[in-house]
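S.K.: Got a structure for you, questions after.
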Amino acid sequence: MSGEDADAELTPEALSGPVIDRRTTLTLLSGTAMAGLAGCSGGTSGGDETAADDGGDSDDGDDATETSSGPSTGGRLTAGWFTGSIDTLDPPYISVGQYFQVTANVFNGLVTLKEDLTVRGDLAKDWEVTNEGATIEFDLREGVTFHNGAEFTAEDVEYTIRRTIEEETPAASKLGSLKPLDEDGLVVNGDYSVTLNFEEPLAPALIYLTRGPGRAATIVSKQAIEEMGQEQYAIEPVGTGPFEVASHEVGSELKLDAYDDYFATDENGNQLPYLDGVDIQPIPEASTLVSALRGGDIDFANLVPLQSLSQIEQADGVSLDQAPGVNWYGLAMNEQNDIFSSREARLGIAKSIDNEAFVETAYFGNALPDTGPINKATNWVWREDKPTAQDYAPEEGKQLIEEAGIDGASFSILVAQGNTRAAKAMRQQLNAAGFDVDLEQVTSSTYWDRYAKLDYDVTISGSVGDPDPDQSLWNFYRKPDEGGVWNWVDFSDDEVHNLLAEQRRQLDREQRKETLQALEDRLIEQVPHAYLVHQNDIAAVADNVSGFTHIPFMRDFSTMSIDG
């Protein structure tokens, strides 16, 4: 990022709509390395390979056609999702990154992040930031409808935000500094205007109001929820987005159809989306996913197993598409288990893990080893010289383990079926450190259920799709009953808790940087996780598919098309 970009100030004027320019957005995103992704698309071939069809699942008369004024239209894309099931599509309840990759195609937010790294209106056509950053007034689009035909108005914004907060959903913490809703926290000014009033400025507020990773104000349908019930809505939700859910058999197939009355067009006035629909198949086994790609049974894979990269690179008719990973992964140690209840025990385990060897074994070298949670993509706050508390030092680790009285302890690594490589690499290192460790393999749904209930010993997990550091830290490390909705290690530390609150209030970038680095220092020292890696974000696209723009951990189908 240039020095000019780095010095941009988050003034109310700079944050107001209808478009936040690239320079200010980079500052808002805290200078992420996403800048290198502007206009980056993938999935096209430079050779003469023959492209596969759309998985052999096209309906009659559903072939893609080339128009003289724009890209190919029509056809159905078949996509593989590297997971056992997509359990919920209700935005504020989503705790799994692969799920919100789907919902960003079904719903809209108030604003959205575009491929040229500008924050632009989504359901809001304009907005004004006042009161030193604590008030945002949105002017909403008119003529937008939900997939059930109901008209979108400001009442839907109020319902969405009220539901997010009052039902204490995982996304509610992103609006934690909003004033009480009945005390002017949210004011409906008319059918197409709404104002949000915060107790104090919230640095990542507009990022949290985007669709996809934001989820704090991804607009849901009150009418559909009341008619369907919340349980069914989570399976087949109704939104305003480019695709509507046609059917969803959890663990089997999710069919999305293009929404004919979607409000958006491309820059040339062509109606979005281009595709007739997308058929998503959960595929938990790496070998099955790769075979489907190579055989032309699927046109797109949302994630590529790292052990399979070379197979995809050598395959005809499919290409890899990579972006910097805005994530972190670590060994989560359940502090409710006596083995991991002391800092000395957790630190001893962390020092027994060789992160570089782990990356080679588990990720085939396609990840960045690290001993802290802040990723390199957020380069304004990234440091090479992080505290050394968790650095690999086996003799020091052994001493701490003995002092904590856990040498030779037996425990298991909880892991989802089909995704065991990293867990096996971790088991090897922990057994070499003198522990008796086995793997406990469960289905994807069972994994997330048990993890959230702290029904496990250790597991490898973390945070993904985090364009702002707050998003990867707040829900994980606030106290469990004070905002830590994903604090599934039962970690509690007053200093961490307070630093998280402090950095949210800081619009001055250098002050926030200092606070975030102090926060990372404390996390490394207190060891809620033994931090391991930052993984690259890698998708795969058939060569006859175009229009995929790779913003880290986003999978936008609305501009994709099938050529030929």
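The values are calculated or read from the model by the stated rules, or taken from the named source; none is laboratory data. A quick note: this is a predicted structure, and the numbers were derived from the prediction, not measured. Neighbour counts run over all protein chains shown; Cβ positions are idealised from the backbone, glycine included. Accessible surface areas use protein heavy atoms only, side chains included; no ligands, DNA or RNA. Shrake-Rupley method; radii C 1.70, N 1.55, O 1.52, S 1.80 Å.
S.K.: Among the residues of the stretch 86-125, how many are at pLDDT below 95, of a type in the set (S, T, N, Q) and in contact with a strand residue (DSSP E or B) (Cβ under 7 Å, 6 or more places away or on another chain)?
M.R.: So the count comes out to 3.
S.K.: Out of all the residues in the stretch 162-217, which are more than 30 Å from LYS513 (Cβ to Cβ) and among the aliphatic types (A, V, I, L, M)?
M.R.: Listed by number, the residues that qualify are LEU181, LEU186, VAL187, VAL188, VAL194.
S.K.: Do you know which residues across the stretch 265-310 are over 23 Å from GLY365 (Cβ atoms) and aliphatic (A, V, I, L, M)?
M.R.: LEU272, LEU275, VAL278, ILE280, ILE283, ALA292, ILE298
S.K.: Hey, can you tell me all the residues within the stretch 425-443 that are within 30 Å of THR288 (Cβ to Cβ) and free of Cβ contacts under 8 Å to residues at least 40 places away in the same chain?
M.R.: Taking the stretch 425-443 first, the residues within 30 Å of THR288 (Cβ to Cβ) are 425-431, 437-443.
Matches in the stretch 425-443: ARG427, ASN431, VAL437, ASP438, LEU439, GLU440, GLN441, VAL442.
S.K.: Could I ask something else about it? So, of the residues in the stretch 288-325 that are β-branched (Val, Ile, Thr) and assigned to a loop (DSSP other than H, G, I, E, B), which turns out to be modelled with the lowest pLDDT?
M.R.: Selected residue: VAL304.
S.K.: If the requirement is being free of Cβ contacts under 8 Å to residues at least 60 places away in the same chain and open to solvent by 40 Å² or more (accessible area, probe 1.4 Å), which of these qualifies: THR361, THR420, THR446?
M.R.: THR446
S.K.: Please work out if ASN431 is open to solvent by 20 Å² or more (accessible area, probe 1.4 Å) and in a helix (DSSP H, G or I). Outline the logic, then answer.
M.R.: On the way: open to solvent by 20 Å² or more (accessible area, probe 1.4 Å): yes; in a helix (DSSP H, G or I): yes.
For ASN431, the condition - open to solvent by 20 Å² or more (accessible area, probe 1.4 Å) and in a helix (DSSP H, G or I) - is met.
S.K.: Mind checking which residues of the stretch 273-287 are in a helix (DSSP H, G or I) and crowded, with 18+ Cβ neighbours inside 10 Å?
M.R.: Scanning the stretch 273-287 gives a single hit, ALA286.
S.K.: Considering only residues that are buried (at least 23 other Cβ atoms within 10 Å of the Cβ) and small (Gly, Ala, Ser), look in the stretch 206-243 and name the one that is farthest from PRO273 (Cα to Cα).
M.R.: Among residues in the stretch 206-243 that are buried (at least 23 other Cβ atoms within 10 Å of the Cβ) and small (Gly, Ala, Ser), the one farthest from PRO273 (Cα to Cα) is ALA216.
Each row is one residue, and each column tells you yes or no for (1) part of a loop (DSSP other than H, G, I, E, B); (2) basic (Lys, Arg); (3) touching a helix residue (DSSP H, G or I) at 6+ places or on another chain (Cβ under 8 Å); (4) more than 17 Å from VAL437 (Cα to Cα).
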| position | (1), (2), (3), (4) |
| --- | --- |
| ALA345 | no, no, yes, no |
| ILE349 | no, no, yes, no |
| ILE353 | yes, no, yes, no |
| PHE358 | no, no, yes, no |
| LEU368 | no, no, yes, yes |
| PRO373 | yes, no, yes, yes |
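S.K.: Can you name the number of the only condition in (1) closer than 12 Å to THR103 by Cβ; (2) over 23 Å from the mean Cα position of the chain (by Cα) that VAL220 fails?
M.R.: The single condition VAL220 does not satisfy is (2).
S.K.: Moving on. Restricting to the stretch 392-417, count the residues that are in contact with a strand residue (DSSP E or B) (Cβ under 8 Å, 6 or more places away or on another chain) and open to solvent by less than 70 Å² (accessible area, probe 1.4 Å).
M.R.: Filtering the stretch 392-417 for residues in contact with a strand residue (DSSP E or B) (Cβ under 8 Å, 6 or more places away or on another chain) gives 408-417.
Restricting the remaining residues to those that are open to solvent by less than 70 Å² (accessible area, probe 1.4 Å) gives 408-409, 411-416.
Qualifying residue count, the stretch 392-417: 8.
S.K.: Please state which one of SER352, SER341, SER310, SER319 is open to solvent by 10 Å² or more (accessible area, probe 1.4 Å), more than 26 Å from the chain's Cα centre (by Cα) and more than 20 Å from TRP488 (Cβ to Cβ).
M.R.: Just one listed residue meets the conditions, SER352.
S.K.: Looking only at residues that are touching a Gly at 6+ places or on another chain (Cβ under 9 Å) and free of Cβ contacts under 8 Å to residues at least 24 places away in the same chain in the stretch 127-177, which one is least open to solvent (accessible area, probe 1.4 Å)?
M.R.: ILE165
S.K.: State which residue is nearest to ILE283 (Cα to Cα) when the search covers only the stretch 242-271 and only residues that are touching a helix residue (DSSP H, G or I) at 6+ places or on another chain (Cβ under 8 Å) and in a loop (DSSP other than H, G, I, E, B).
M.R.: Among them, the one singled out is GLY251.
S.K.: Look at GLU510 and say whether it is at pLDDT 95 or above, open to solvent by 40 Å² or more (accessible area, probe 1.4 Å), out of contact with any Leu (no Cβ under 8 Å at 6 or more places or on another chain) and assigned to a helix (DSSP H, G or I).
M.R.: For GLU510, the condition - at pLDDT 95 or above, open to solvent by 40 Å² or more (accessible area, probe 1.4 Å), out of contact with any Leu (no Cβ under 8 Å at 6 or more places or on another chain) and assigned to a helix (DSSP H, G or I) - is not met.
S.K.: Give me the residue from the stretch 470-484 that is under 19 Å from MET333 (Cα atoms) and surrounded by fewer than 20 Cβ atoms within 10 Å (Cβ to Cβ) and, out of that set, modelled with the lowest pLDDT.
M.R.: By that ranking, first place goes to ASP481.
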